[in-house]
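What follows draws every value from the coordinates through simple rules; no lab data is involved. Note that the structure is predicted; figures quoted are calculated from it, not measured. Quick reminder, even Gly has a Cβ in these numbers, built from the backbone with ideal geometry, and neighbours come from all protein chains shown.
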C-alpha cells in the first residue's frame, strides 16, 4: 500500500499540547507510509484539498487523518478521499484531540500517544479493503404508531407529501390525550374543535389507512423495507359494515362497563363508541363485561343493529404491512399517584387527577360539563390543585419535570372560576415553569384576574373533615404551615413513559432511557431520529411535551420520513458481516446470537449447511464474529485481523531470537 | 507510587464501543477532563464485537492493562451486544487467575456517551491501579538467564509428577 | 470380572442386532500392547468379536461423530462420553436420529500416566496385563506389578458425578447411586498458588508443547475441524513460532471457545504427548461457568451454552462499581 | 576406540560440554522426558526414550531465516535484509540409535546437486551425536524392520552402551574420538565385552522383523483406493503428534511475522496431517480428508521417498508415532494392511 498520513493541528486545539511536527516525523517511518504532513485545519476546504492533492501527487491508496473524533468528521474525510477517487473505506482516523490533546497535560506523553494512535490507524488501514455499498429500493409507505396529536400530524404531513400511511392506534379511537381535554392553554380554545377536523382528515385521507384497536406485534427488516405485523384486536363488530349509528349503545343492557375515555369517572355500556367525535366512529364490545360473550345470554345488540355487523365470534387478526419508515408517537401515561401516602392513596373519592378534572369540565364528559365532585355530586366551592405529583421527585424515581402541568393547572383554575364564579382555587406549587409564548402571562392571569391563590410549598397530607378534605401543606414563602379546606382536590399528575414503550422499543430496536422514554439519536442535532435508521420519534414518547411541541415534532418526523423515502434508492452500509463459506462449518451459532435475524442458513451445492448474511438487515454489530469460533464470519471493516493489527501495534509481539531449547 | 513511576507510562489497551463509551471518552475530551495518558483506545462498533481473546492476546503480548467499556446494559445500540459481552468478559475475568495473569490487569465497565466525568474517573482509577501493579511480566522469557531459571524450575518438578491423569 | 464378561456379551448382542442398519459402531479393541486400547470401528461380526469394554478402553467415541454427518452410526458411550454427545446434540452439530447410543454404566477408566508412574519400568516394556476385579496385574520388563485400579483411575473418574450415560438407547450394566462431583486435590493445590508461581508453571510447561494440536483434535467439542483460527493462514491470532507464549495463546483460544461447552471428558489431557496438565485450565473454567450460570455442559438436552444466550439481569454477575 | 565412563562422570561430562556448546539432552520435567537445552543443574534422564525426538538439533522447530528492517520512504532505502545463519556447535547426548539415524533422511532433501539448504547444512555439520544404545526394545519399537537395530551406529559420533556402573563409549567418527579424549573417560577394559553382549542380547530381544519389502509397490497400488484409506484412517484424529515427534519428518512451513518496522521470515515444523498443509490459495485442497493425509504420510515414508532415494525408508522405527498417538494408529499395521491387501480380483 501507499499510505498518506495527515496530522491536524486543529488550530491550537491539538498543536497546543501535541508536537504535531514530531508526530509527522515518526509517522513517516511507519510501514507503508509514503507521505506524512500536517495542516492547520484538515477538515477545512484547503485542508481537504490538501488530502486530495496528495492522493494524486503521491499516488496514495490509503489515508490516515489524525485529528478529532471520527464521530465528528469521519464522514467528512470519507467524502474527501472519495472525491479523490479512493474508496471511502480506505481511510482511517486517529483521534488525537478528544482522546489526546484535550485530556493530557504532558506534551511529551501526548506526542508519544498521538504517534501510537496514528500507528494503530496505519496498521488497521493496511488491512482495510474497499467496500461498496449496495443500493436497494424502498417502500413508499410510512407506519405511524400512535394516533395522538403528534401521530396525527405526522400522518397527515406524510400523506400530504405523497406517501402512503398506515396508522396504528391501540385504543378504539384516535385523538390520544388531547381528545380528552376540555380547553387548551394559553388560548382557552376548545380542544376538540382544534383536533376534531384533523381526526376527520385522518379518516378521510385517501392515502391513510387506520388500524384502531390494534397494536404492533413485530417488526423485521430494515430501513426502507420494514415488514410490520399488526395485531387487530377483536371488537366483535364488523367495522366494514358498522355505520356508527349508536343504536346498539342505546339498547345495551350492560351499563357498568368501565369508561377509560372518561378516565373511569363513570361507566358506560358494553358495546360502546367512546365519544361522539371518535375516529373511526365504530362501535366495539368490551368482552369483559358483555353478557353475551361472558355468559352466552343477551345478544340484543345483534338484534337491534340495522346493518347486522355484530359478530360475537370475531377473533384477533394479524395483518402484515410493508413500510419504508416508522414514526413512533406512542405518547405518555400518567404517573400513578396512589404511590403517595399523603394524598390518601385513593381513599378519598374527591381527590382526582387533572385529566379526570378535564372530563368533568368537558361538555362531552360524564357530567355534561358541570363540575360535580365524585363523592356526592355537589358543586365544589373550594378547589385545591396540587402540582408536581410524580414530577421533580426523586423519592418516586421521577426526578424530571413534566413540563406542562403548571400551564394546565393555571388553565383549570381559570376554567373553575368560569364554571363556578363563587369558587376559590388554591394551587400548591414548587416553581412556576411557563417558558412558552404567552405562557407566563397566562399563569399571571390565573392569579391576578381569576384570583387563584398560589401557595409555594408541598402538601404534607390530606385528611377528611366532615364532607370536606383538609389539605395541609407548607407555605415556604410565608414560612408557615397552611391548612386549606377543600371540596375537591385535583392532582397535577406527572407524565411517565407509555406502558408498552419498553416492549415496543425492543421490537423496534429503539432504546428507552431509564424512565422509558425513547432516546433520540442526538439530543440537539437529531431530536427526532433514533439510532435505528428509518425509525423516527414524535411527541411525548421521547419525553414530556405540550401540544405545540408534539405537533412540531410530528411534522419534523414526517419531514424526515419524506426526505428518506424521496430517494429512489437507499445505500446500505457495507461494513456488515460476511461469511467465508470455506471456513463455515454450518453450526448456526451466529444465527442464534444475531439480534436482527440478519443471518440465515443456506445449503450449498454439496448439501452442506452454511450461514449467509442478509446484507441489508445486518447492522454491523459483530456479535456473530465473536460467536464464530473459527472466524468464518467476519464483520467487514472490523475484522479479527484489523483489530488484532491494532493490538499488535500497541503491544508488539516480542521477536526474541533466544532459541527454543 | 513514586514520582518517577508516575512519569513512566505503562501500556494500557482500551476496547470501546463506538456508540456509548467511545462517545463518553469524546465527551470527556470536549469537557477537558484531564486524564492519565497511558491508555490507547481501540474503537469497535459494539462491546459484542470484543472477542475476549483480543484481551488475552494483548495481555500475552505484554500489555500492562486492558480496559473494556460498552454501553450500559439495556442501552446497547445493537440491543443485545453488551449482554453477550458481559457474559464473555465476566468469564475471562474469572478465568485469568488460573493462568497466573493478575486479573486486576483486566477490567470491564459501562460508560454512556454522556458520562464524560465517569469516563475520566474510570480511566484515572484504572490507570492508578495498573501503576500500582507495575509493569506486567512477559510470558516469554526474554533472556537466556530467565529461560535457564524456568527450565531448571521445571526440571526440579522432575519426572515423578503424576498429580494429574 | 464375570460381570464384565456378561456385560460385554450383552453389549455385543445389542450391537449385533443393529449392525445392519448402521454405517459402523464405534467401540474399543486392544491396541499395540495389552495395556493400551484403541478405538474400534465395528462394521462386521468379525470386528465385533474384538470389542472390549475394560477400564483400559478410554477414548471418547463422540470425537468421531461429526465426521460421520449424514450417516447413521452407533457409539459405545460411558457417562462422560454421553455428556459430549448431549452437548453436540444441543449445539445441533449432530442429529439424534443419526446416532444409536449403547450406554455403559461406567466404573471408571485408567490413566496411563498414573500407570506409568506406578510401574517399575516404562510401560513400553509391558509384556502382559491381567485384569482383576479391583486391580491390574502387569508384567513389565520381566517384573510383576499389581496396581490397585482405584489408584490408577483417571482423575475425571475419581470425581465423576455422571458415571452412567445421561442419554442412551441401550443401557448396559447397573446404575450407580447419585454421586457428588469434586475437584481433584492437585487442582485445588494449583489454584492456591500465587500468580507468579502459576505463571512460571505455565511458562515452563508451555515450553514443552510442540503444538501438535492433539488436544484440539481429540476434543469432541472442537468442531471447527480443519478451520481452527490457530492454524488459519490469514489470521493474526498467532504466530507459527513455537514459543511458550504462542503455545499458551492456543490453550487460551481452546478454553475460550470451550467456555460452557466443555464436558470434562479429559481427552485433551490424555492425548497430550508431553503430559501438559490441560485439565487444570478446563476444570477451572468449568467451575466459573457453574458458579455464574449454574450450567454444566452436556448434562441435559435442549440447553443452550451460556455464552450463546444472556439474561437482561444477570443474577450472579456482580459488576464492579467505579 | 572404546572407553568407559561412570554415570556421574557422564553427567559431569555433559555439564562441561554445556559450558562451551549447546547441549541437547533428555531431561525429565513435569512427568515427561523431552530433549531440552542442558543448563547448569539439569540432570540427564536416560530412564526412558525421550518423547520428542532430537531432530531439533538439525531441523529446529523454529528457525528465523532472515529479519527485515523497513525504513521510511524519504530515507531512500526501503528495507534491509539480514540473514540468520545458525552458528555454534550442538551436541546431542542420549538420543537413541533410531532417532540419530532418522536425521539421515534429511540429507537427500536438503543437500542435493541443485539445492543446498545452508541453514540445514550448517546445523548438520555443527552437530555431534552421542547416542545411547537400547538395552531392551519397547512394544512399539521396530527399528530392525527398517534396516537398523538397537545398537546401530549410523549417524552417531559416539555410541554409549549402558553397562554395570556406567557406559561404554565407542567412538564412531573422528569427532567422537576427540571427545573421548576427555579425562572423565577411562579405559574400557572388560566392560567392552559386556557392552557387546548387551547389544547382542538387545538385538535378539527385538524378535522377528516386519517385512516391509513390498510396501513401496503395494502402497502405490492402493493409491486410488480411498475406501481402503478411509478405513485405515477411521480412528486417526488428524492431529500432528506423529509428525512432530517423528525423527524423520522434515516438512516445514514458512511464515512472515511482523511488528512495526521489523519483520522476520520464520521456518517452522509443518505437519502433513493438517488440512492447511496442502490447502491451495484458491480454497481447493487436494488432500481434503484425513484419509488422503494418512495415505500421503504412509506413502511418503514407505513408497515415494524410497523410490526417489535408493530404497531408503523414511522411517527410523522409533515407534514414537505409535506410542504417543492419541488414537492408537499403528504405522506398522497400516503398512502391513496395504502389503497384505489381496491383489486385484
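Give me the inter-chain shielding for C:149-158: mean count of other chain Cβ atoms within 10 Å, whole number please. Show your work: numbers first, answer last.
Details: counts 0, 0, 0, 2, 1, 2, 3, 1, 0, 1.
Partner Cβ neighbours, averaged per residue: 1.
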Contour minus end-to-end for residue D:231 and residue D:205, with contour as 0.36 nm per residue of separation and end-to-end as the Cα-Cα distance?
-> 6.1 nm
Distance between modelled label sites at residue D:89 and residue C:304, nm, 7 Å Cα→Cβ extension | 6.7
Rounded to the nearest 500 deg cm²/dmol, what is the calculated helix-only ellipticity per residue at 222 nm for the protein assembly as shown, with -39500 (n - 2.57) per DSSP H run of length n ≥ 4?
-> -9000 deg cm²/dmol
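Taking 45 Å as R0, compute the FRET efficiency from the Cβ-Cβ separation of residue A:522 and residue A:609 and round it to 0.05.
On the way: r = 42 Å, r/R0 = 0.93.
Efficiency computed from Cβ-Cβ geometry: 0.60.
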Shape call for chain A, from the Cα gyration tensor axes a ≥ b ≥ c (a/c under 1.5 means rounded, otherwise prolate when a/b beats b/c, else oblate), comes out prolate
Considering only DSSP beta bridges with both partners in chain C, what is the antiparallel share in %, to the nearest 5?
-> 65
How do A:101, C:232, D:214 rank when sorted from fewest to most other Cβ atoms within 10 Å of their own Cβ?
-> D:214, C:232, A:101
In a Gaussian network model of chain C with springs linking alpha carbons closer than 10 Å, the residue among C:267, C:196, C:241 that fluctuates most is C:196
If contacts are Cα pairs under 8 angstrom and at least 6 residues apart, what is the relative contact order of chain A in percent?
-> 13
So, by mean Cβ neighbours within 10 angstrom, what's the order for D:138-149, A:340-351 with the highest one leading?
-> D:138-149, A:340-351
Kindly list the residues of region A:547-576 that lie in the label zone of residue A:437, defined by a backbone N under 18 Å from the point 7 Å along the Cα-to-C-beta vector.
-> A:547-556
Partner chain coverage, peptide A:511-519 - average Cβ within 10 angstrom = 2
Other chains near B:98-105: what is the mean number of their Cβ atoms within 10 Å of each residue's Cβ?
-> 6
Could I have the simple spin-label model distance between residue A:370 and residue A:592, label points 7 Å from Cα toward Cβ, reported in nm to one decimal?
-> 6.9
Stretched out fully, how many nm does the piece from residue C:191 to residue C:49 gain, at 0.36 nm a residue minus the Cα gap?
-> 46.6 nm
Go ahead and collect, in residue order, the members of region D:123-167 whose backbone nitrogen is under 20 Å from a label point 7 Å along the Cα-Cβ direction of residue D:186.
-> D:159-167
R0 of 30 Å, Cβ-Cβ distance residue D:312-residue D:80: FRET efficiency to nearest 0.05 | 0.10
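Rounded if a/c is under 1.5, else prolate if a/b is larger than b/c, else oblate: which is chain B, with a ≥ b ≥ c the root eigenvalues of its Cα gyration tensor?
oblate
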Could you line up A:332, D:341 from fewest to most neighbouring Cβ atoms inside 10 Å?
-> D:341, A:332
Using the Cα gyration tensor of region A:333-496, with a ≥ b ≥ c the square roots of its eigenvalues, what is the shape: rounded (a/c below 1.5), prolate (a/b larger than b/c) or oblate (neither)?
-> rounded
Kindly rank C:27-36, D:304-313, A:119-128 from highest to lowest mean number of other beta carbons found within 10 Å of each residue.
-> A:119-128, C:27-36, D:304-313
If you average the sequence gap of Cα pairs under 8 Å that are 6 or more apart and divide by the length of region A:3-125, what percent do you get for the contact order?
-> 33
Take chain D, connect every pair of alpha-carbon atoms lying under 10 Å apart with a spring to form a Gaussian network, then pick out the residue of D:171, D:190, D:15 with the largest mean-square fluctuation.
-> D:190
Estimated FRET transfer efficiency (residue C:13, residue C:148; beta-carbon r; R0 25 Å; 0.05) | 0.20
Two pseudo-spin positions, 7 Å from Cα along C-beta at residue D:19 and at residue A:264, lie apart in nanometres by 9.7
Computed over chain C, the relative contact order (Cα-Cα under 8 Å, seq sep at least six) in percent reads 16
In what order do A:113, D:221 fall by count of nearby beta-carbon atoms within 10 Å, going from fewest to most?
-> D:221, A:113
For the Cα atoms of chain A, what angle does the longest principal axis make with the long axis of helix A:547-566, in degrees from 0 to 90, nearest 10?
-> 40
Comparing C:155, C:107, C:169 in a Gaussian network model of chain C (Cα, 10 Å), the one with the largest mean-square fluctuation is C:169
